[in-house]
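Heads up: the structure comes next, in structure tokens.
What follows draws every value from the coordinates through simple rules; no lab data is involved. Not measured: the values here are computed from a predicted model. Cβ coordinates were reconstructed from backbone atoms using ideal geometry, including for glycine residues, and neighbour counts include every protein chain displayed.
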Amino acid sequence: MNLETLRQKLLAAARANPPADRVPYAFEKRIMARLADRPALNFAALWARALWRAAATCVALTLLLAAWVILGAQNQPAATNLTDREDFSQHFERTMLAAMAEPAEETW
């Protein structure tokens, strides 16, 4: 069938049946009832869903980085003595207490 002929027939049928001016009975009440039945947006549920997704992502990232650190530590050559590789806790403590080791008059 020709699309132009079909278009003309549809337009002629639409012109022959103009829309009515009256509104169906209780139309407004039906619309308002549908709006009232619609559940309210639960922001707590939205936050919970987003936080669970973030938690799953963080766990996956943690596992990936842990595997990277463990596999990287196995590939490093072993130190022959303790002076070659300094203990992290000692280095951290020295860094944190560095400001306290200096005399007080130098900081002002």
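Calculated FRET efficiency, L46 to V23, Cβ-Cβ distance, R0 = 41 Å: about 0.65 to the nearest 0.05.
Packing-based ranking of 14-26, 63-75 yields 63-75, 14-26, ordered from highest to lowest mean Cβ neighbour count within 10 Å. Between L65 and K9, the contour length at 0.36 nm per residue exceeds the alpha carbon distance by 13.4 nm. For region 31-38, putting each phi into the Karplus relation 6.51 cos²θ - 1.76 cosθ + 1.60 with θ = phi - 60° gives couplings of 5, 5, 5, 5, 5, 6, 6, 5 Hz, in residue order, rounded to whole numbers and with x for Gly and Pro. Cβ-Cβ distance of A73 and A99, R₀ of 35 Å, FRET efficiency by 1/(1 + (r/R0)^6): the value works out to about 0.65.
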